[in-house]
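See below for the structure under consideration.
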Amino acid sequence: MNIHFIAIGGSAMHNLALALEHKGYHITGSDDVIFEPSKSRLEAKGLLPEHFGWFPEKIHDRLDAVILGMHAKPDNPELLKAQEMGLKTYSYPEFLYEQSKYKTRVVIGGSHGKTTITSMILHVLDYHDIEVDYMVGAQLEGFDRMVHLTEENDFIVLEGDEYLSSPIDRRPKFHLYQPNIALLSGIAWDHINVFPTFENYVKQFQIFVDGIVSGGSITYNAEDAELVKVVESTENTIRKFPYHTPEYRVENGTTLLHTPEGEMPIEIFGRHNLNNLAGAKWICQQMGVDEVDFYEAIATFKGASKRLEKIAESQNKVIYKDFAHSPSKVMATTQAVKEQYPERKLLACLELHTYSSLNAGFLEEYQGALDAAEEAVVFYSPDAVKIKGLEEVTADQIAQAFKRADIKIFTDPKTFKDYLFTQNFENSALLLMSSGNYGGLDFERVKTLFE
């Protein structure tokens, strides 16, 4: 097949392009800018566009399909040419469904934890040499790509994102997958630029549950009251499997998971990650993995990239980096680090970087999110607020939203960096939470503070 990618450089898009090239398809693509690591990975396979920009002449009648990325605009010249020619144009999730419509589709959704749960499942299956197709939102240790597609594998495991499918398809991605086996980890309002009310956001999860293939199953976090209501109210004829956080304890910085065979030390930690583990176990069992085999494999799981990632440690100090940005994720991550290191002072730093987190009307959702830390810091860039076209957010508004009198707020990258590098981290834990980089913070230099 001949496939052309419009906006090939995106994190998800370039991984799909690499997967299809590996499958034997002929791939071309365009983009106006491509950053690392996408650039080098595409270049290594000969898929990097020779010139950046949009070129309608790349669209021709020998193409079997065009795949449109979120980065493109509805008036993209290549898209307009494809539409004019009547070529089949897919969104990313549409094409994944097309590749998997004769497979058993396992879809992992939820406002938080879906990347970690998907990663856990793939780790367990890989540990036991069980071949499946997959799409996951983080680079995993031991996996070449985030997307893998074959003709022969029976299962495909898909991370089910609730964000929009493409610039011309406003449906959430996970509505398009039609799962046979589904999991939802929880519902916590996010993406307010698309879902302006909590009720509208919850409705997307109801649509997802109602769209599970008849006779399929929903595995769900029974500790999330809103999610329980969604699952219990569906009239879809599906099996329902609730899960709860398993028993565990922390001893000398090690989390011990209670199993039928006794206590087992594991690499990951935090109540939210143990809850994720319980959901992953249910899904693996539905895919044919025995409970004892699941535990054997999960003991070696070290976490998904950018999710509670330990980047440096010495005798009495440690630093973690995490992708957390939504209120529920920030709270869970901060509590997890404090629980793991109760005798150490915790300095939790959060960068408000996303559209939702920089929205003045959404800020109050962060109340209490950093309370587990002895010291709390928030960094945000007023320029980022302007770029996103939002109303100005003030330091006073942030302080009031977090309801924490001693919170430190920085808007200048240099001032934040100077603060960080003058701290004494003896007997401390540092947690850096962001989907950005604090205005250009050198993480390699930060590591030197913990040597």
| said: Return the residues of the stretch 354-370 that are assigned to a loop (DSSP other than H, G, I, E, B), surrounded by fewer than 20 Cβ atoms within 10 Å (Cβ to Cβ) and touching a helix residue (DSSP H, G or I) at 6+ places or on another chain (Cβ under 8 Å); say none if nothing qualifies. | reply: Ala360, Gln367, Gly368
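Report yes if Asn76 is surrounded by 15 or more Cβ atoms within 10 Å (Cβ to Cβ) and among the polar types (S, T, N, Q), otherwise no. Reasoning before the result, please.
Details: surrounded by 15 or more Cβ atoms within 10 Å (Cβ to Cβ): yes; among the polar types (S, T, N, Q): yes.
Here the answer is yes, as Asn76 does meet what is asked.
Considering only the stretch 171-181, I want to know if a residue exists there that is among the polar types (S, T, N, Q) and touching a Pro at 6+ places or on another chain (Cβ under 9 Å). Steps first, answer last, please.
At the first step, the residues of the stretch 171-181 found to be among the polar types (S, T, N, Q) are 178, 180.
Applying the additional criterion that residues be touching a Pro at 6+ places or on another chain (Cβ under 9 Å) yields none.
There is no residue in the stretch 171-181 that is among the polar types (S, T, N, Q) and touching a Pro at 6+ places or on another chain (Cβ under 9 Å).
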| message | So in the stretch 60-75, with the set limited to residues that are among the acidic types (Asp, Glu) and within 26 Å of Gly24 (Cβ to Cβ), which one is nearest to the chain's Cα centre (by Cα)? | response | Asp64
| note | Picked from the stretch 423-450 (must be touching a strand residue (DSSP E or B) at 6+ places or on another chain (Cβ under 6 Å) and over 21 Å from Tyr366 (Cα atoms)), the residue surrounded by the fewest Cβ atoms within 10 Å (Cβ to Cβ) is Lys447
| message | For the stretch 295-310, which positions are in contact with a Ser or Thr (Cβ under 6 Å, 6 or more places away or on another chain) and either within 14 Å of Ala336 (Cα to Cα) or acidic (Asp, Glu) (or both)? | response | Arg307
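If a residue has to be in contact (Cβ under 8 Å) with a residue 40 or more places away in the chain and either among the hydroxyl-bearing types (Ser, Thr, Tyr) or surrounded by fewer than 20 Cβ atoms within 10 Å (Cβ to Cβ) (or both) to count, how many in the stretch 242-277 make the cut?
Residues of the stretch 242-277 in contact (Cβ under 8 Å) with a residue 40 or more places away in the chain: 250, 253, 255, 268-273, 275-277.
Applying the additional criterion that residues be either among the hydroxyl-bearing types (Ser, Thr, Tyr) or surrounded by fewer than 20 Cβ atoms within 10 Å (Cβ to Cβ) (or both) yields 250, 253, 255, 271.
Count: 4.
Give the residues of the stretch 112-168 that are of a type in the set (D, E, K, R) and not in a loop (DSSP other than H, G, I, E, B), sorted by residue number. I'd like the intermediate steps shown before the answer.
Filtering the stretch 112-168 for residues of a type in the set (D, E, K, R) gives 114, 126, 129, 131, 133, 141, 144-145, 151-152, 154, 159, 161-162.
Matches in the stretch 112-168: Lys114, Asp126, Asp133, Glu159.
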| request: Would you point out the residue of the stretch 278-304, among those that are buried (at least 17 other Cβ atoms within 10 Å of the Cβ) and small (Gly, Ala, Ser), that is modelled with the lowest pLDDT? | output: Ala304
| query | For the stretch 178-201, which residues satisfy the criterion of being surrounded by fewer than 18 Cβ atoms within 10 Å (Cβ to Cβ) and outside any loop (DSSP other than H, G, I, E, B)? | reply | Phe198, Glu199, Asn200
| So which residues in the stretch 404-422 are exposed (fewer than 14 other Cβ atoms within 10 Å of the Cβ) and either assigned to a loop (DSSP other than H, G, I, E, B) or touching a Lys or Arg at 6+ places or on another chain (Cβ under 9 Å) (or both), if there are any at all? | Ala405, Asp406, Asp412, Phe421, Thr422
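Just to be sure, is Gly361 out of contact with any Leu (no Cβ under 8 Å at 6 or more places or on another chain) and modelled with pLDDT under 80?
Against the criterion (out of contact with any Leu (no Cβ under 8 Å at 6 or more places or on another chain) and modelled with pLDDT under 80), Gly361 qualifies.
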| Which numbered condition trips up Tyr25, out of (1) surrounded by fewer than 13 Cβ atoms within 10 Å (Cβ to Cβ); (2) over 27 Å from the mean Cα position of the chain (by Cα)? | (1)
| field | Near pairs, Cβ below 8 angstrom, 6+ apart or cross-chain, from the stretch 369-381 (not assigned by TED's automatic domain parsing to the domain that holds Ile409) to any residue that is in a strand (DSSP E or B) and surrounded by fewer than 19 Cβ atoms within 10 Å (Cβ to Cβ) | value | none
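Only one of these is assigned to a loop (DSSP other than H, G, I, E, B), more than 28 Å from the chain's Cα centre (by Cα) and acidic (Asp, Glu): Glu84, Glu50, Glu57, Glu78. Name it. First the steps, then the outcome.
Details: Glu84 fails: assigned to a loop (DSSP other than H, G, I, E, B); Glu57 fails: assigned to a loop (DSSP other than H, G, I, E, B); Glu78 fails: assigned to a loop (DSSP other than H, G, I, E, B).
Glu50 is the lone residue from the list that is assigned to a loop (DSSP other than H, G, I, E, B), more than 28 Å from the chain's Cα centre (by Cα) and acidic (Asp, Glu).
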| request: Please name all residue pairs, on different chains or six or more residues apart, with Cβ atoms under 8 Å, provided the first residue is in the stretch 151-175 and is under 17 Å from Ser111 (Cβ atoms) and assigned by TED's automatic domain parsing to the domain that holds Val202 and the second residue is part of a loop (DSSP other than H, G, I, E, B) and of a type in the set (Phe, Trp, Tyr). | output: Leu158/Tyr177; Gly160/Tyr177; Pro172/Tyr163; Lys173/Tyr163
| query | If we keep just the residues of the stretch 91-108 that are under 22 Å from the mean Cα position of the chain (by Cα) and part of a strand (DSSP E or B), which is surrounded by the most Cβ atoms within 10 Å (Cβ to Cβ)? | reply | Ile108
| remark: Apart from one, (1) out of contact with any His (no Cβ under 8 Å at 6 or more places or on another chain); (2) touching a residue at least 24 places away in the same chain (Cβ under 8 Å); (3) of a type in the set (S, T, N, Q) all hold for Ser185; the odd one out is (1)
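The values are calculated or read from the model by the stated rules, or taken from the named source; none is laboratory data. If you're wondering where the values come from, they're calculated on a predicted model, not measured in any experiment. Here Cβ is always computed from backbone atoms with ideal geometry, including for glycine, and neighbour counts include all displayed protein chains.
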